[in-house]
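Have a look at the structure below before the remarks.
The values are calculated or read from the model by the stated rules, or taken from the named source; none is laboratory data. Quantities reported herein were computed from a predicted structural model and do not represent experimental measurements. Note: ideal-geometry Cβ built from the backbone for every residue, glycine included; neighbour counts use all protein chains shown.
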Amino acid sequence: MKKVFLALAIVFSTAIFAQADKETKLKQKAVPAVVKEAFQKEFPAKKAKWGMEDGGDEAEFKINGSDASAVYDKNGHRKALEIAIKTQELPTAVTDYLKKNYAANKITEAAKITDDKNIITYEAEIGKDGKSYDVLFEANGKFIKIAQAD
């Protein structure tokens, strides 16, 4: 009886892993070649995990040991590059705003975002009411908006 259960467990686990692998391959194939080529041209020798963000294809990878992501449109045009930074690297105006308006909320992550027009914004992720929120700022530290994190 134990051998039957073991055999069934092996069969089911193999089927589950095969399905997961198939889904991963489908996601990889869904990224247009022009997008993958644009990424490789801009970030040679970088390996990326692909996903979707804001209707675009998102490549997640590392730059100098920091988490990074680049979002591309369907034509391979990079719309944004986000690089994780230490919270201490946020501009003083950003941290001052957060201390004043979200004093009870800890900054859990921070990032510097450069869009396709070379406009820099900063993102500070905070925990609030058991949820995560992204607080966005202009490069000079001016508050833009707060939105629930993905």
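A few notes on this one:
- No other residue among 59, 68 is under 27 Å from residue 120 (Cα atoms), among the aliphatic types (A, V, I, L, M), at pLDDT 95 or above and in contact with a helix residue (DSSP H, G or I) (Cβ under 6 Å, 6 or more places away or on another chain) apart from 59.
To keep it simple, each residue is scored yes or no on (1) outside any helix (DSSP H, G or I); (2) outside the structural domain of residue 128 (by TED's automatic domain parsing); (3) aliphatic (A, V, I, L, M); (4) modelled with pLDDT of 95 or more.
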site	(1), (2), (3), (4)
4	no, yes, yes, no
8	no, yes, yes, no
17	no, yes, no, no
26	no, yes, yes, no
39	no, no, no, yes
52	yes, no, yes, no
82	yes, no, no, yes
93	no, no, yes, yes
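- Qualifying positions in the range 32-74 - hydroxyl-bearing (Ser, Thr, Tyr) and touching a Gly at 6+ places or on another chain (Cβ under 6 Å): 72
- Test result for residue 84, in contact with a Ser or Thr (Cβ under 7 Å, 6 or more places away or on another chain) and surrounded by fewer than 16 Cβ atoms within 10 Å (Cβ to Cβ): no
- Residue match in the range 90-110 (condition: basic (Lys, Arg) and touching a residue at least 24 places away in the same chain (Cβ under 8 Å)): no
- Pairs, first in the same structural domain as residue 115 (by TED's automatic domain parsing) and under 16 Å from residue 114 (Cβ atoms) in the range 60-76, second basic (Lys, Arg) and not in a strand (DSSP E or B), C-beta under 7 Å, six or more apart: 61/46; 61/47
- When residues of the range 91-108 are limited to those that are under 17 Å from residue 129 (Cα atoms) and within 23 Å of the chain's Cα centre (by Cα), the one surrounded by the most Cβ atoms within 10 Å (Cβ to Cβ): 98
- Which numbered condition residue 117 fails, given (1) closer than 26 Å to residue 31 by Cα; (2) not in a loop (DSSP other than H, G, I, E, B): (2)
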